[in-house]
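Student: Below: one structure in structure tokens.
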Amino acid sequence: MELEVRHLRALCAIADTGSLHKAARQLGMSQPSLTTQLRRIENSLGAELFSRGRTGCRPTPLGRSLLSRARPLVADMAALITEAQAAARSDGPGLRVGSTASRALPGWLRRLRQRLPGTDVGLRVDVSADALLRTVAAGQLDVAFVHEVEGSPLRVPQGLTERVLVAREPQFISMARDHPAAARPVVDLVDLAADHWMVDPAVDGEWAGLRRVLAAAGIDPPLLHGDYHTAASLIALGEAVAPCQPTSSPREDMAVRPLRGDPLGVRLLLYGRPGAPLDVLYAELAAAYREVALRAAPYREWLRRQGAAAGASVGPCMMTA
């Protein structure tokens with residue numbers, strides 16, 4: 001049996017929902033059919049991908065490893081289909097936007113469609129900032145909104161124009177709501193020394209950056225490799241902690257806290273090819289980022305503690321609010 005995209009999509013749905021019943025409903029198929037499909041996939045690989053229990057389905061170590069590779073493939077296929085459909089029905093000018101994961105993305109796209117009526121805005125999301133920049137340089141994207149992990153410079157092709165959205169965005173930490181450290185407004189790294197840390201090695205510079213910060217703090221916690229969609233379920237169960245964007249919104253079963261001293265940081269950058277309307281794109285991105293930053297209570301409080309005044313602005317040095 002060869003794995004197909006539909007099989008990978010099913011595995012991602014099971015991991016996301018934590019339940020065969022919910023995953024089957026999401027996929028529009030019966031639970032017995034999904035159970036049979038999962039059993040065939042596991043038989044072909046010779047190992048279990050999920051452990052089943054009363055609380056639902058949880059990925060095994062092999063399952064987490066497979067999911068970390070499957071998710072980008074599923075996302076790329078979805079993007080390919082979306083872009084092809086958009087190109088087929090588009091009669092007007094097109095704008096091809098690339099981005100790494102960001103909670104500012106939906107608001108940015110909405111603003112661009114309002115600001116540029118009649119322009120078909122396409123989107124490609126990738127975990128690799130370097131891959132997006134290569135795509136812009138090749139003329140397959142007009143712009144890319146990316147983040148650069150501190151200490152791990154991006155490989156920027158020649159000829160691209162750069163705009164700095166945020167010179168240093170602090171990275172927060174996500175943990176289970178009942179984690180002892182969640183009771184404090186700011187968390188020390190040493191308080192998380194006994195936790196499993198989860199990091200996505202597919203994100204350019206993220207693994208190396210986290211290891212540097214942990215080593216500088218004198219701690220060597222066990223690291224788990226996997227995508228951050230999978231991480232969310234493990235974090236909620238208290239099985240791991242993970243760095244996260246400060247714009248992340250807390251959930252009922254998860255807490256988001258800043259780290260003391262802000263040891264983890266990224267730069268948020270917008271790159272465009274020659275001829276791209278970078279001024280318009282930057283202005284709308286800045287406004288969208290401001291919205292999500294002020295909506296996230298932990299980040300809003302962090303900004304307040306930095307001595308920011310009333311009002312909000314995004315500039316090349318720092319965002320204040």
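The values are calculated or read from the model by the stated rules, or taken from the named source; none is laboratory data. Just so you know, these numbers come straight off a predicted model, no measurement behind them. Positions of Cβ are backbone-derived with ideal geometry, glycine not excepted, and every protein chain shown enters the neighbour counts. Just so you know, the surface numbers come from the protein's heavy atoms only, side chains and all, with ligands and any DNA or RNA stripped out. Shrake-Rupley method; radii C 1.70, N 1.55, O 1.52, S 1.80 Å.
Student: I'd like the FRET efficiency for Arg177 and Arg52, computed as 1/(1 + (r/R0)^6) with the beta carbon distance as r and R0 of 22 Å, rounded to 0.05.
Tutor: Efficiency computed from Cβ-Cβ geometry: 0.35.
Student: So, taking all protein chains as they sit and a 1.4 Å probe, how much accessible area belongs to Ser30, in Å² rounded to tens?
Tutor: 60
Student: While we're looking at this one, here's another question. Compute the relative contact order of the chain as a whole-number percentage, counting only Cα pairs closer than 8 Å that sit 6 or more residues apart in sequence.
Tutor: With pairs under 8 Å counted, the relative contact order is 20 percent.
Student: Let me ask something else about it. What does DSSP give for the chain in terms of the percent of beta bridges that are antiparallel, rounded to the nearest 5?
Tutor: The antiparallel proportion sits near 65 percent.
Student: Something else about it: Leu38: net charge of surrounding residues, Cβ under 13 Å, Lys/Arg +1, Asp/Glu -1, itself excluded?
Tutor: Local net charge: +3.
Student: For His179, His21, His7, His229, give the ranking by accessible area with the largest first, probe 1.4 Å.
Tutor: Correct descending sequence by accessible area is His229, His21, His179, His7.
Student: If amide hydrogens are placed 1.01 Å from N in the peptide plane, which non-local residues have theirs closer than 5 Å to the one on Arg177?
Tutor: For Arg177, the qualifying residues are Met254, Ala255.
Student: Given contacts defined as C-alpha pairs under 8 Å and at least six residues apart, what's the relative contact order of the stretch 110-217, whole-number percent?
Tutor: 30
Student: Using a Förster distance of 22 Å, how high is the FRET efficiency between Asp262 and Ala101, based on the Cβ-Cβ distance and rounded to 0.05?
Tutor: 0.65
Student: For Val241, what residues show an amide H to amide H distance below 5 Å, using hydrogens built from the backbone and excluding near sequence neighbours?
Tutor: Amide H neighbours of Val241, under 5 Å, 5+ apart: His196, Trp197, Met198.
Student: If you don't mind, another one. Give the shape of the stretch 1-43 as rounded, prolate or oblate, defined through the alpha-carbon gyration tensor: a ≥ b ≥ c are the square roots of its eigenvalues, a/c under 1.5 means rounded, and otherwise the shape is prolate if a/b is larger than b/c and oblate if not.
Tutor: Here the stretch 1-43 falls in the prolate category.
Student: Next question. Relative contact order, percent, of the stretch 159-288 when contacts are C-alpha pairs under 8 Å separated by at least 6 residues?
Tutor: 48
Student: Count charges around Asp204 for me, please; just the other residues with Cβ under 11 Å from its Cβ, Lys/Arg as +1, Asp/Glu as -1.
Tutor: Computed value for this residue: -4.
Student: With a 1.4 Å probe and every protein chain left in place, tell me how much accessible area Ile219 has, in Å² to the nearest 10.
Tutor: 20
Student: If you don't mind, there's one more thing I want to ask. Grab every C-alpha pair in the chain, bin the distances at 10 angstrom width from 0 up to the longest one, and report whole percents.
Tutor: It works out to 5, 24, 31, 26, 12, 1, 0, in whole percents.
Student: How far is it, in nm, from the label point at Gln158 to the one at Asp279 when both lie 7 Å from their Cα along the line to the Cβ?
Tutor: In this crude spin-label approximation the distance works out to 2.8 nm.
Student: Of Gly209, Ala131, Tyr289, whose Cα points farthest to the positive end of the dipole of the chain (charges on the beta-carbon: +1 Lys, Arg; -1 Asp, Glu; origin at the Cα centre)?
Tutor: Selected residue: Tyr289.
Student: Heavy-atom accessible area per residue, the stretch 90-230, 1.4 Å probe: how many Å²?
Tutor: That works out to 45 Å² per residue.
Student: Rounded, prolate or oblate: which fits the stretch 249-300, taking a ≥ b ≥ c as square roots of the Cα gyration tensor eigenvalues, rounded meaning a/c under 1.5, else prolate when a/b beats b/c?
Tutor: Since a/c reaches 1.5 and a/b is larger than b/c, the shape of the stretch 249-300 is classed as prolate.
Student: Assuming a ≥ b ≥ c are the square roots of the Cα gyration tensor eigenvalues, decide whether the stretch 1-77 counts as rounded (a/c under 1.5), prolate (otherwise, with a/b larger than b/c) or oblate.
Tutor: rounded
Student: Right, another one. Could you please report the charge total around Val156, scoring K, R as +1 and D, E as -1 over all other residues with beta-carbon less than 15 angstrom from its beta-carbon?
Tutor: Net charge around Val156: +1.
Student: Select from the stretch 130-233 those trypsin sites (Lys or Arg not before Pro) which occupy a DSSP coil region and have at most 11 other Cβ atoms within 10 Å, ordered by residue number.
Tutor: Arg155
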